[in-house]
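As structure tokens, the structure follows; a few thoughts come after it.
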Number of protein chains: 2
Amino acid sequence: MDAVIKVGGSLAETPEVLRDVCNKLSELAEKNPITVVPGGGRFSDVVRGFDQRFSLLPEVSHQMAILGMDQFGLFLSAITPGSIAARKLDDLEKITAEGKVPVFLPFNMMLDEDPLENSWDVTSDSIAAYVAKRLGAAKLILVTDVDGIFTKDPKENADAALIQEVTAAELLKLERRTSVDKFLPKLLSEARLDCYVVNGKYPTRIIRILEGRQTICTRIV
Amino acid sequence: MDAVIKVGGSLAETPEVLRDVCNKLSELAEKNPITVVPGGGRFSDVVRGFDQRFSLLPEVSHQMAILGMDQFGLFLSAITPGSIAARKLDDLEKITAEGKVPVFLPFNMMLDEDPLENSWDVTSDSIAAYVAKRLGAAKLILVTDVDGIFTKDPKENADAALIQEVTAAELLKLERRTSVDKFLPKLLSEARLDCYVVNGKYPTRIIRILEGRQTICTRIV
């Protein structure tokens, strides 16, 4: 597998951007074996709200949030031409061999294997990293609605600068919230996986990453 | 099975009411074989929003919305003492035999059997009716946040009166939206199932229905 590509739920806030990304992934899949992992977006946000109001056990909100990824995955598959929603890791290679995009729905696998900490520090970023590790993928690409990880929150600070490259160990030391989940750096160092955080608004950046060329993004090494 | 009890998602808007209902169901299950079917509530509402913004195929939003029922079901199971979340119809009798409440998560069954029209006319009401039919349950009880079905929308009309009894055929003829889904009357007449719409704010009404006694609710015969 060339890459596991997580499509962030926030992209659904700009339908034309999301449709563009999905069409591009569909084209890319004709030549490159790639697997899409869905984010949670609004589907997981509802779970977060229930957790806040009802103080659920971590394993309950974890499971509910991953069902949210399956919902977003069914949706992504519906708007991505030539894609196939799949629930088994073993099915993915067969789908990519046909030049199609598998959209992996992680709930069943996560219920069976439960490999990660059950907490809100583990979101679809870490789950996508786990899938990439299991598939032996060369790259993990997190497609989101910002250019990458910044020195400060770019939505609040005009002088925030894009971090072009960072090690998983450095990221682990950062105290503040970034555009990736808290557990991800730990998983990346264990799996020795190269990870890229990239803006879905510019799908050519995704192509450049797949081709191993320079582009605007954050690379976590 | 004495009854299939659908717990409507709207009850989560008043946590203390919902917790009260769940505790009562837990007590009831010690003596009465009952199965809980979850509503969709906010989890399905998010799907409705996506459907409106992206014009999804009916089968896609149908599947996504039923995943929303599984989410609400995991949640209900977490706040209902002595309950067990179950994905197979065959497992329910064993759970009730132990005096526990099974909370049925319908996604897998609905994906396998796909027995109902894929549209927004089919919501958790119809799915609960289908489960009741499959289980040969004596009663279907829809627990919601209003006293039953009214002659007019009670939230907008002060002179709206509660309908105490209505036939499925009469309900089918009503043009306006009621507190139950459009497809339900059709299913009820086919299954020859007695259905009760009742307010979760007063859990003793649920008990009275189970005991075959008079109470404030709408009975669909």
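The values are calculated or read from the model by the stated rules, or taken from the named source; none is laboratory data. What you are looking at is a predicted structure, and each value in this text was computed from that prediction instead of being measured. For neighbour counting, all protein chains shown are included, and Cβ atoms are generated from backbone atoms with ideal geometry for every residue, glycine included. Side chains included, ligands, DNA and RNA excluded: accessible areas come from the protein's heavy atoms. Shrake-Rupley method; radii C 1.70, N 1.55, O 1.52, S 1.80 Å.
Brief remarks on what is shown
- Between B:D145, B:D181, the distinction of being open to solvent by less than 60 Å² (accessible area, probe 1.4 Å) and among the charged types (D, E, K, R) belongs to B:D181 only.
- When the criteria are applied in full, B:I206 meets the requirement of being closer than 26 Å to B:A12 by Cα, under 17 Å from the mean Cα position of the chain (by Cα) and modelled with pLDDT of 95 or more.
- Test: residue in the stretch B:84-96 that is closer than 20 Å to B:L25 by Cα, of a type in the set (S, T, N, Q), under 16 Å from the mean Cα position of the chain (by Cα) and open to solvent by less than 40 Å² (accessible area, probe 1.4 Å): no
- Of all the listed residues (B:A138, B:A128, B:A158), the sole one being modelled with pLDDT under 95, at negative phi and surrounded by 14 or more Cβ atoms within 10 Å (Cβ to Cβ) is B:A138.
- Residue satisfying condition, being closer than 28 Å to A:K24 by Cα, surrounded by 12 or more Cβ atoms within 10 Å (Cβ to Cβ) and of a type in the set (A, V, I, L, M), within set A:L188, A:L171: A:L188
- For beta carbons closer than 7 Å, sequence separation of 6+ or different chains, a first residue in the stretch A:161-188 that is closer than 13 Å to A:A129 by Cβ and a second that is open to solvent by 30 Å² or more (accessible area, probe 1.4 Å) and assigned to a loop (DSSP other than H, G, I, E, B), the qualifying pairs are A:D181/A:D121; A:D181/A:T123; A:K182/A:D121; A:F183/A:E117; A:F183/A:D121.
- Where strands (runs of 3 or more DSSP E) fall wholly inside the stretch A:1-110, the ranges with 3 or more residues that are more than 14 Å from every other protein chain (Cβ to nearest Cβ) and either free of Cβ contacts under 8 Å to residues at least 60 places away in the same chain or over 20 Å from B:L57 (Cα atoms) (or both) are A:3-7, A:34-38.
- Residue in the stretch B:58-83 that is surrounded by the most Cβ atoms within 10 Å (Cβ to Cβ), counting only those that are out of contact with any Ser or Thr (no Cβ under 7 Å at 6 or more places or on another chain) and β-branched (V, I, T): B:I66
- Taking the criterion of being more than 16 Å from A:F72 (Cβ to Cβ) and touching a Leu at 6+ places or on another chain (Cβ under 9 Å), the only residue of the stretch B:41-61 that qualifies is B:G41.
- Of the residues making up the stretch A:191-209, those that are assigned to a loop (DSSP other than H, G, I, E, B) and either more than 11 Å from A:D147 (Cα to Cα) or open to solvent by 20 Å² or more (accessible area, probe 1.4 Å) (or both) are A:R192, A:L193, A:K201, A:Y202.
- The lone exception for A:L105 - which of (1) more than 25 Å from B:F107 (Cβ to Cβ); (2) crowded, with 16+ Cβ neighbours inside 10 Å it fails: (1)
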